[in-house]
1. Across every pair of different alpha-carbon atoms, what Kirkwood hydrodynamic radius in Å does segment 35-154 reach?
2. Mean projection of the alpha-carbon convex hull of the chain over all orientations, in nm²?
3. Would you look at the GNM of the chain, springs on alpha carbons closer than 10 Å, and say which of 104, 89, 49 moves the most?
4. Report, in degrees rounded to the nearest 10, the 0 to 90 angle that the Cα long axis of helix 174-184 makes with the longest principal axis of the chain.
5. Length gain on complete extension for the stretch residue 43 to residue 161, per 0.36 nm per residue less the alpha carbon to alpha carbon distance?
6. If eta is 0.692 mPa s and T is 37 °C, what Stokes-Einstein diffusion coefficient results for segment 40-90, Kirkwood Rh from Cα pairs, in µm²/s?
7. State, as an integer percentage, the relative contact order of the chain based on alpha-carbon contacts under 8 Å between residues 6 or more apart.
8. How tilted is helix 38-48 with respect to the longest principal axis of the chain? Cα atoms for both, answer in degrees (0 to 90, nearest 10).
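Just so it is clear, none of the values below were taken in a lab; they were calculated from the coordinates. Keep in mind the model is a prediction, meaning the values are calculated, not measured. A quick note on method: Cβ atoms are made from the backbone with ideal geometry, for glycine too, and the neighbour counts reach across all protein chains shown.
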Amino acid sequence: MTIRFGVIGTGAIGREHMRRITQKLLGGEIAAVTDIDLSAARKAVEELGIEARIYPEEELLADRSIDAVIITSWGPAHEASVLAAIAAGKYVFVEKPLATTIEGCERIVQAEEKIGRRMVQVGYMRRYDRGYQALKSVVACGELGSPLMVRCTHRNAAVDERYTTEMAVLDTLVHELDVTRWLVGDDYAEVQAVFPRRTKYAHEALQDPQIFLLRTQTGIVITAEVFVNCRYGYDIQCEIVCEEGTVSLPAEASVEFKHDALHKRAVPQDWKLRFADAYDAELQDFINQVERCNEPQGPSAWDGYLATLAAEACVRAQKSQGWESVTPGISQPKFIAGRV
Ligand code: NAD
């Protein structure tokens with residue numbers, strides 16, 4: 001059976017996912033497309049050369065021939081589309097964030113809870129990256145003992161004037177917030193932000209770099225550096241320090257140079273390339289589960305909620321420069337219990 005997708009939001013990543021499903025992945029087709037700007041939807045369909053229907057979101061969600069939706073609109077629009085899609089009985093793949101407010105995430109978790117099964121997967125694709133999966137299996141097998149500390153680094157070569165201090169959390173750190181909690185199987189209790197000396201390459205209103213300390217409920221301490229004007233490239237690192245050893249993300253496969261008495265290795269420049277395989281894998285898994293009428297297995301609405309909750313605490317910590325607690329206002333749905 002081919003899964004018929006409706007896409008809501010045909011911007012950069014929406015078009016990427018449409019291309020993936022049409023040209024790379026198995027078992028899915030883009031059958032309907034919408035955008036707040038319908039001419040953008042039309043352009044995306046024409047560029048890809050597919051025969052998808054183009055109509056407003058309400059009609060797309062009412063179309064019984066659509067099995068699942070991919071929500072790739074702007075973050076503030078996610079909540080309304082996810083809730084409407086759940087109400088229409090569609091499976092949902094929503095790009096991060098699940099919703100931009102804690103209350104919005106809670107409403108989505110509760111809407112799914114009413115149905116009593118998972119319908120939603122959130123696009124925290126790092127869980128599908130082979131390096132992170134290898135880290136997770138080493139930690140889970142217990143050979144290195146319990147994790148004590150995690151050190152994460154998230155560096156981008158440069159950002160433009162539209163990038164704000166808060167975006168360092170909401171757009172950048174949020175990936176570490178999701179994947180680190182998943183790696184160590186523990187929830188956050190409190191967070192703190194520390195601001196080092198600013199790089200001369202940051203625009204006037206931007207604090208860059210930033211360091212975040214996160215303490216989990218069992219006491220694991222995570223230090224996460226966000227440095228978005230590092231100049232040299234896109235650099236993602238993660239090391240987990242356990243009682244009996246350490247484990248780190250593998251170095252990226254990239255060409256090495258030996259030239260002029262130097263030995264050099266190329267640094268990736270682009271997050272899209274770095275995680276291309278993970279984007280493919282997350283959507284292929286979503287298609288496979290929907291095809292079998294299974295619940296989606298990737299990051300859940302509950303995971304999306306906890307990522308937004310931790311991000312909101314980090315934004316508070318940016319302002320207070322003190323410890324801020326991460327306290328869920330609702331309980332974990334029973335059908336998700338035990339799955340981190
Ligand atoms: P974008 O600005 O390129 O595209 C957003 C599109 O949504 C635009 O075409 C806009 O017209 C449309 N839109 C806005 N409001 C809408 C609404 N109410 N209904 C329908 N369409 C609407 O943005 P983008 O870079 O493609 O990002 C989209 C989402 O994907 C964001 O939430 C972003 O955080 C997320 N994202 C995730 C990753 C990742 O690594 N997982 C990477 C990039 C973007």
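1. Values: mean 1/r = 0.0589 Å⁻¹.
This gives a value of 17.0 Å.
2. Details: hull surface 76.2 nm².
Its Cα hull, projected and averaged over all orientations, spans 19.1 nm².
3. Most flexible of the set in this elastic network: 49.
4. That works out to roughly 80 degrees.
5. Details: separation 118, 0.36 × 118 = 42.48 nm, distance 2.79 nm.
Full extension of this stretch gives 39.7 nm more.
6. On the way: Rh = 12.0 Å.
D = 274 µm²/s.
7. Numbers: 670 pairs, mean separation 67.6, N = 340.
Value for the chain: 20 percent.
8. Taking the Cα atoms of the chain, the angle to 38-48 is about 80 degrees.
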